[in-house]
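Shown next, in structure tokens, is the structure this report addresses.
The values are calculated or read from the model by the stated rules, or taken from the named source; none is laboratory data. Please read all numbers here as calculations on a predicted model, not as lab measurements. All Cβ positions, glycine included, derive from the backbone under ideal geometry; neighbour counts span all protein chains shown. Quick note on the areas: whole protein, heavy atoms, side chains included, nothing else; ligands and nucleic acids left out. Shrake-Rupley method; radii C 1.70, N 1.55, O 1.52, S 1.80 Å.
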Amino acid sequence: MHPHIEALYNSAKKSSRLIIGLMSGTSLDGLDVALCKITGAGLHTQIEVKNFTTVEYSDEYKTKIKQVFAKRECDLEVLTLLHPWVGKLHGAMVNQCLIAWSIDPASIDAIASHGQTIYHCPQSQHNHHDFKHGTLQIGDSDQIAVTTGITTVGDFRQKHIAAGGEGAPLAVYGDYLFFASPDENRILLNMGGIANLTFLPKSGDASSVFSSDIGPGNTIMDAYVQYYFKGMHYDEGAKLAKAGKVNVKLLKALSDNAFFKLPLPKTTGPEVFNLALLRAAQAQTATQYLSHEDVLATLNTLSATTIARALNDCAKGVQNCVVYASGGGIHNPLLMEQLLIHCPNIKAFKNTDDLGVHPDAKEAVLFAILANECLAGQRQSAKNKRGGILDITMGKVSFAD
């Protein structure tokens, strides 16, 4: 038996494993690195987050990624070169974290790498009838494995597509295996660049569990601030949006986007929700004169109302539904305030800290769970009423040598 295969076999038999989850989101703010002790697998999964940090990206990283990010056309040579470059950089960041945490790399069972999403195109978005769904993440897991000396599991989304899914969102797997509770109906709400949710009924009925993208979280707001306010990455504390006034005409034009009319579950990305969409809506409504504050107030309300609509849809007919939020959106006080106003039937809004996982770490932890299932899990048999896929194993394994 090849020694790496033997090591995987022995790791799978262990009662618990140390797995590092990596997540790099569409906000391009940094690499989330979560060191997780995962005990068991499947519905018996238990997690202890031993260490977590976000390694901030340099301006060089952001500039390079933006050359190819969410663009229908880009320099293919640059894209090809970025794939190994990002992987090697992410590997180096993991090494830095292990040194800072005084952790021996030999003690780590695996790294779980999401990679950097460059383009996401479900069939409803691309309209090429000869093709189904597609998604592309760069950050070669072979580079991570060689740079760190640690077996790496990556490229998770491709199996979801191969099994008939759209490649996103994948939150349902970790949410179902770790966050489901027999004591309360839960909605796990993640507000990153794109907002998504997972519905977890307390009945534990896997056929009723589902996950879906909702629409824009922070992506258009952040892009707007970065374009018009040099040196700013986002509207900290929603100070600009709070100083503005919502423009009803612009809000309606943005809310009329075809994506919002699709039933849950569905998926989308910055390829749809971007500054080009905003500018087209402003041209349509002759609102190019709006102040930056008014535009940001309108975009904030767009995110709030579309997220609230999805939450209310999930909670319809469900008693005592609690929302547990994560992602950058929880740091936007105006967004959170509006969600409370628009969701009167939600019992409570909390964040995933209340469930033992730092809200900024949740997605990195999710991929650690997926890697754990790849190494040690068993097939989850479930037919889902709303199009979810729970019975697949995701991730491709890269050895260190």
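Counted as qualifying within segment 1-98 are the strands (runs of 3 or more DSSP E) with 3 or more residues that are without any contact (Cβ under 8 Å) to a residue 60 or more places away in the chain and not charged (D, E, K, R), namely 46-56. Which of the residues spanning segment 310-327 are closer than 15 Å to Ile214 by Cα and either of a type in the set (S, T, N, Q) or in contact with a strand residue (DSSP E or B) (Cβ under 8 Å, 6 or more places away or on another chain) (or both)? Within segment 310-327, Ala310, Leu311, Asn312, Cys314, Ala315, Val323, Ala325, Ser326, Gly327 meet the criteria. Based on what the data block shows, is Ala171 in contact (Cβ under 8 Å) with a residue 12 or more places away in the chain, under 23 Å from Ser24 (Cα atoms), hydrophobic (A, V, I, L, M, F, W, C) and surrounded by fewer than 24 Cβ atoms within 10 Å (Cβ to Cβ)? Considered against the rule, which asks whether it is in contact (Cβ under 8 Å) with a residue 12 or more places away in the chain, under 23 Å from Ser24 (Cα atoms), hydrophobic (A, V, I, L, M, F, W, C) and surrounded by fewer than 24 Cβ atoms within 10 Å (Cβ to Cβ), Ala171 comes out as yes. Applying a threshold of 6 Å to beta carbon distances and a minimum spacing of six or more residues, or different chains, the list of pairs starting in segment 293-318 at a residue that is without any contact (Cβ under 8 Å) to a residue 40 or more places away in the chain and ending at one that is assigned to a helix (DSSP H, G or I) and open to solvent by 30 Å² or more (accessible area, probe 1.4 Å) reads Ala308/His342. On the stretch given as segment 177-205, residues that are in contact with a strand residue (DSSP E or B) (Cβ under 9 Å, 6 or more places away or on another chain) and open to solvent by less than 30 Å² (accessible area, probe 1.4 Å) total 18.
Among the residues of segment 237-254, are any under 30 Å from Gln137 (Cα atoms) and not aliphatic (A, V, I, L, M)? There is no residue in segment 237-254 that is under 30 Å from Gln137 (Cα atoms) and not aliphatic (A, V, I, L, M). Give the residue that is nearest to Pro201 (Cα to Cα), with candidates limited to residues of segment 316-351 that are part of a helix (DSSP H, G or I), of a type in the set (A, V, I, L, M) and open to solvent by less than 10 Å² (accessible area, probe 1.4 Å). The extreme case among them is Leu339.
Against the criterion of being open to solvent by less than 20 Å² (accessible area, probe 1.4 Å), under 24 Å from Ser27 (Cα atoms) and of a type in the set (Gly, Ala, Ser), Gly231 does not qualify.
Here's the yes/no breakdown for (1) open to solvent by less than 30 Å² (accessible area, probe 1.4 Å); (2) aromatic (Phe, Trp, Tyr); (3) under 24 Å from Leu188 (Cα atoms):
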site	(1), (2), (3)
Met221	yes, no, yes
Ala238	yes, no, yes
Ala241	yes, no, no
Phe259	yes, yes, yes
Thr267	yes, no, yes
Thr301	yes, no, yes
Ala304	yes, no, yes
Ala310	yes, no, yes
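Taken over segment 111-127, residues that are open to solvent by 60 Å² or more (accessible area, probe 1.4 Å) and aromatic (Phe, Trp, Tyr) amount to 0. Among the residues of this structure, Ile220 counts as one that is closer than 17 Å to Phe260 by Cα, over 12 Å from the mean Cα position of the chain (by Cα) and either modelled with pLDDT of 95 or more or not aromatic (Phe, Trp, Tyr) (or both).
Residue pairs whose Cβ atoms lie under 6 Å apart, separated by 6 or more positions or on different chains, with the first residue in segment 365-379 and in contact (Cβ under 8 Å) with a residue 24 or more places away in the chain and the second open to solvent by 30 Å² or more (accessible area, probe 1.4 Å) and of a type outside the set (S, T, N, Q), are Leu375/Ala12; Ala376/Ala12. In the set (1) in contact with a strand residue (DSSP E or B) (Cβ under 6 Å, 6 or more places away or on another chain); (2) surrounded by fewer than 19 Cβ atoms within 10 Å (Cβ to Cβ), the condition left unmet by Asp130 is number (1).
Can you confirm whether Ser303 is in contact with a strand residue (DSSP E or B) (Cβ under 8 Å, 6 or more places away or on another chain) and under 15 Å from Leu200 (Cβ atoms)? Taking the combined requirement at face value, the residue does not satisfy it. Taken together, the residues in segment 353-371 that are within 17 Å of Asn51 (Cβ to Cβ) and part of a helix (DSSP H, G or I) amount to 10. Checking the structure you have, find out if any residue of segment 22-36 is surrounded by 13 or more Cβ atoms within 10 Å (Cβ to Cβ), more than 30 Å from Val225 (Cβ to Cβ) and at pLDDT 90 or above. Within segment 22-36 (the criterion being surrounded by 13 or more Cβ atoms within 10 Å (Cβ to Cβ), more than 30 Å from Val225 (Cβ to Cβ) and at pLDDT 90 or above), the answer is yes, since at least one residue qualifies.
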